[in-house]
Amino acid sequence: MTPSDPPAVLAAVACASCPTVYLPRPGPCPVCGGTARTPRTIPAEAVVLAATELSTPAEGWPAPHRIALVELAGGIRVLVEWATARLPEPGRPVRVEVADGRYRARPAASGRGEGELPIDGSFPATL
């Protein structure tokens, strides 16, 4: 891991009343409503479920604004800001990090740029 690499884990919490593990957020467990929780960590690796580019995002966000829905370990899903110019293809591995209180993702280190779609929306001949 180099100094520019994000941490290999993300902070999470485990509910003390049920087996749910989720990303830290205010309020009770999203499944059972329990309020007791234990700090945990989960791997920062995720898989892309969907991605899109907003050409006219809400006020205060840059245009174009790229976002992706990713799934972390244990089925935890989170909407992330996408950190590169090309959108990721569903099913591709990514690395998630937290910066300024927001989740961001970028391609998993493969060195080949795999899993990214051109901004023009064209798709490869085979998926």
**Item:** Checklist (1) among the aliphatic types (A, V, I, L, M); (2) over 20 Å from Arg102 (Cα atoms); (3) not in a strand (DSSP E or B) applied to Ala14, failing item
**Value:** (3)
**Asked** Among the residues of segment 77-89, is any at pLDDT 90 or above, out of contact with any Cys (no Cβ under 7 Å at 6 or more places or on another chain) and exposed (fewer than 11 other Cβ atoms within 10 Å of the Cβ)?
**Response** no
**Request:** Go through segment 34-78 and give me each residue that's more than 18 Å from Ala8 (Cβ to Cβ) and among the aliphatic types (A, V, I, L, M).
**Result:** Ala36, Val48, Leu49, Ala50, Ala51, Leu54, Ala58, Ala63, Ile67, Ala68, Leu69
**Fill in**
Considering segment 47-66, residues that are at pLDDT 95 or above and in contact with an Asp or Glu (Cβ under 6 Å, 6 or more places away or on another chain), and then whichever is surrounded by the fewest Cβ atoms within 10 Å (Cβ to Cβ), we arrive at Leu49
**Asked** Got at least one residue in segment 110-121 being more than 30 Å from Cys29 (Cβ to Cβ), among the charged types (D, E, K, R) and modelled with pLDDT of 90 or more?
**Response** no
**Message:** Within segment 28-37, does at least one residue satisfy the condition of being hydroxyl-bearing (Ser, Thr, Tyr) and either closer than 25 Å to Arg106 by Cα or modelled with pLDDT under 95 (or both)?
**Reply:** no
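The values are calculated or read from the model by the stated rules, or taken from the named source; none is laboratory data. As the structure is a prediction and not an experimental result, all values here were calculated from the model. In this analysis, Cβ positions are derived from the backbone assuming ideal geometry, glycine residues included, and neighbour counts consider all displayed protein chains.
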